[in-house]
Amino acid sequence: MEGLMFLPKIHHAKDLDEDAYDILQLISILAYRRAETIGKDVSVLEFEFAADIWCIIFDPIKLFAFSDGVKRLRKTYKGIRTDIWLQEKCRDSFTSELLHAKNTEEAINLSFPALFR
């Protein structure tokens, strides 16, 4: 699984009360959903996009409000690694704008509510 390469970054970026494998699950869900939406096989590029959106990869263009909002959203998915209902809820929460963004910068330039339902 391509997402496993992000575990060291997840451990570094996560808050103490977050489970690294929950965040890895969030990254995987977005990566696979995005690949499915744009009609291609999932690749490292989708995982990098997802890790960046979930604020695991440092990106200086992100506003604090965006990063803070994503971190709060990540915490609402506590336990997602083993909860199928949460996985489906997450999968359905991505907007078309997020899934079709050409890159992270384009997605981040949208408002936070424009990315997640």
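Sparsely packed loop sites in region 1-41 (the trypsin sites (Lys or Arg not before Pro) outside DSSP H, G, I, E and B with at most 16 other Cβ atoms within 10 Å) comprise 40. Build a GNM of the chain with springs between Cα atoms under 10 Å: which of 83, 52, 17 gets the top mean-square fluctuation? Largest GNM mean-square fluctuation: 17.
The charge dipole of the chain, taken about the Cα centre with unit charges on the Cβ atoms of Lys, Arg (+1) and Asp, Glu (-1), comes to about 220 debye, rounded to the nearest 20.
Look at [x] 12.8, 36; [y] 46.6, 157; [z] 34.4, 104: the one that is Rg and Dmax of the Cα atoms in Å derived from this structure is [x].
Computed over the chain with a Gaussian network model linking Cα atoms closer than 10 Å, the most mobile of 23, 56, 38 is 38.
As a proxy for reagent exposure, ranking 49, 116, 94 by other Cβ atoms within 10 Å from fewest up yields 116, 94, 49. Taking each residue as 0.36 nm, the span from residue 105 to residue 75 lengthens on full extension beyond its C-alpha to C-alpha distance by 8.5 nm.
Rounded to the nearest whole Hz, the Karplus-based 3J(HN,Hα) values (6.51 cos²θ - 1.76 cosθ + 1.60, θ = phi - 60°) of region 74-86 follow the sequence 3, 5, 6, 9, 4, x, 4, 4, 10, 10, 5, 4, 5, with x at glycine and proline.
None of the figures in this text is laboratory data; all of them are computed from the coordinates on show. All figures in this text were calculated on a predicted structure; none of them were measured in a lab. Glycine gets a Cβ as well: all are built from the backbone with ideal geometry, and neighbour counts include every protein chain shown.
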